[in-house]
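*Asks:* This is the structure I want to talk about, given as C-alpha cells.
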Amino acid sequence: MPDVRVVNVSKKFGKIVALDNVSLHIHEKEYFSLLGPSGCGKTTLLRLIAGLIQPDKGEIYIGERFVNNVPPEDRDIGFVFQTFALFPHMNVWDNVIYGPRVKGFDMKKAGIIGHEVLEMVKLHERSDAFPNELSGGMMQRTAVARALAAGAKLLLLDEPLGQLDAKVRKELRYDIRRMVKDLELTAIHVTHDQAEAMSISDRIAVIKKGKVQQVGTPEELYMNPQSVFVANFIGESNFLEGYVSIMTGKETSIELRGGTKVHATNGDLKRGERVVLAIRPETFTIEKGARRGENAISGSVERVVFEGTNIRYEVRLENQDSILIAKPSLMGEWFNIGEKVTVSFQREKAHVFPYPETGLKEEIAVE
C-alpha cells in the first residue's frame, strides 16, 4: 500500500490562500487525519491528493510516483464524500460493483468482490435496497464499500461522518478504521471534530489558515502541544497570562496578573518575556478552603455543570482570572456555587508559550 508525500504545496483561490507551503508525509498503511476548523484548507489538500484540483506550486507523490499531472482515475484512490454521492437509480449492489465493472472486470469477478465488501460493511442483506431506502449510516457504509470494491489502495475520506447523528457517527468511525486496517490500506481522513480524529487516527496534522501547526499521534498532540492554538483546539485548556519573573535551573517563576506567582518547568524563554500558560481542566486539583503549597491559588466557585461522567467547575481566582476544572462525578467531593476553594497544579502539567504576536484571542480563534 502506498505512502503519500506532499512537498511544499500551495494553493490559492483568487486572493484567498487555501494552503501555504504545506509539507506532509503520510506513511504506508497509516490512518492519518487532517484536522482543523472550517475553511482551514484540509479539504483542499485532500482534493489535491485526489487530483480533483491542481496545486499552484509544490509536488505530490503517491508511493514513488509523481502525480501532479495524473488524472484522478489513474491514482488508485477511493474517495468517500460527506454527502454519500451514491447513484440514486442504482441499488446497493449495483453501486458497489460499479467500480469493478468500469474497470472491465467480468460479472463473476465483480460479483466476488461485491459479496466480499458487502459482507465487510454488514450490508449483504440490503444489497437490493436503493439509497433512499437506507439510513444515513447505511448509505455511508455503501459509499465506503464502493470505494473498496474499486480496488483503492489509498482511501480518502472527506468529512465522511458529518451528516450522521452522534451515535451512528461514533459507531461508524470505528467500523471504517477496522476495515482500513483489515485491508492494510492507507487512509487520509478529513474532519473538524477533534474527538473523532483523536479516537481513530494513528497520526494527525492540525491545520490552521492553510498552514500545518503540528503533526503527531493523538497522545503527542494532547500531552505536548507545540502552540497555543493546538493546546486549545485539541481538547481544552485554561490560558493564564503573565511574565517570566525568575529563571533558575529547571524552574521558571511566572507572575500572573494581580501579582500571583506560579512555577513551571523551563522552556525557551527570557526573563521579563510575556507568556501564556496552558493548563488542562482535568489536571487541576480543587480543595475546600484556603491551602498553601506550590502553584496553589485561592478562588471561589462561580458555576457548576453536571455532564454525567464529569462535573465542570468554573472558578474565579483571587487575581480575577476565570478557569474551568473538570473532575469525575463519581469520585471525590462536590463543590457548591459560592464556595471558597484552593486550586493547584503540578508545574510539569503547565505548558508555557510566548505570548502570541496577534494576541491570545486571535490565536485561539477557530474561524
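None of the figures in this text is laboratory data; all of them are computed from the coordinates on show. Everything quoted here is computed from the prediction, not taken from an experiment. Counting neighbours? That spans all protein chains shown, and the Cβs are built from the backbone with ideal geometry, glycine included.
*Asks:* Which order do peptides 212-222, 255-265, 326-336 fall in by mean Cβ count within 10 Å, highest first?
*Replies:* 212-222, 255-265, 326-336
*Asks:* Moving on. Taking neighbour counts of Cβ atoms within 10 Å as a proxy for exposure, in what order, fewest first, do Leu52, Leu157 appear?
*Replies:* The most exposed by this proxy come first: Leu52, Leu157.
*Asks:* Which whole-number percentage describes the relative contact order of the chain, with Cα contacts under 8 Å and a sequence gap of 6 or more?
*Replies:* It comes to 16 percent, rounded to a whole number.
*Asks:* Still on this model: Please rank Ser245, Ser298, fewest neighbouring Cβ atoms within 10 Å first, as an exposure proxy.
*Replies:* Ordered from fewest to most neighbouring Cβ atoms within 10 Å, Ser245, Ser298 come out as Ser245, Ser298.
*Asks:* While we're here: Calculate the spin-label point distance for Glu302 paired with Ser23, positioning each point 7 Å from the Cα along the beta-carbon direction, and give it in nanometres.
*Replies:* Using points 7 Å along Cα→Cβ, the separation is 4.5 nm.
*Asks:* I've got another one for you. So if I place +1 on the C-beta of Lys and Arg and -1 on the C-beta of Asp and Glu, and nothing else carries charge, what would the dipole magnitude of the range 256-344 be about its Cα centre? I want it in debye, nearest 20.
*Replies:* In debye, rounded to 20, the range 256-344 gives about 280.
*Asks:* If each DSSP helix of 4+ residues adds -39,500 (n - 2.57) and the sum is divided by the residues in the chain, what number results at 222 nm, nearest 500 deg cm²/dmol?
*Replies:* -6500 deg cm²/dmol
*Asks:* Under a cut-off of 18 Å between alpha-carbon atoms, report the aspartates and glutamates in cross-link reach of Lys261, not counting same-chain residues fewer than 8 places apart.
*Replies:* Glu241, Glu251, Glu273, Glu294, Glu318, Asp321, Glu348
*Asks:* Restricting attention to the range 1-81, which trypsin sites (Lys or Arg not before Pro) occupy a DSSP loop and are surrounded by at most 13 other Cβ atoms within 10 Å?
*Replies:* Lys15
*Asks:* Rounded to the nearest 5, what % of DSSP beta bridges with both residues in the chain are antiparallel?
*Replies:* The answer is about 80 percent antiparallel.
*Asks:* Given a cut-off of 32 Å, name the pairs among Lys11/Lys167; Lys153/Lys209; Lys29/Lys122; Lys167/Lys209; Lys15/Lys153 whose C-alpha atoms lie farther apart than that in the structure shown. Spell out each step's value before the answer.
*Replies:* On the way: Lys11/Lys167 36 Å; Lys153/Lys209 30 Å; Lys29/Lys122 23 Å; Lys167/Lys209 30 Å; Lys15/Lys153 35 Å.
The pairs that break the limit, which is 32 Å between Cα atoms, are Lys11/Lys167; Lys15/Lys153.
*Asks:* Right, something else. Long-range amide H contacts for Lys261: which residues qualify at under 5 Å (H placed 1.01 Å from N, peptide plane, sequence gap of 5 or more or a different chain)?
*Replies:* When sequence neighbours closer than 5 places are left aside, the close amide H contacts are Leu256.
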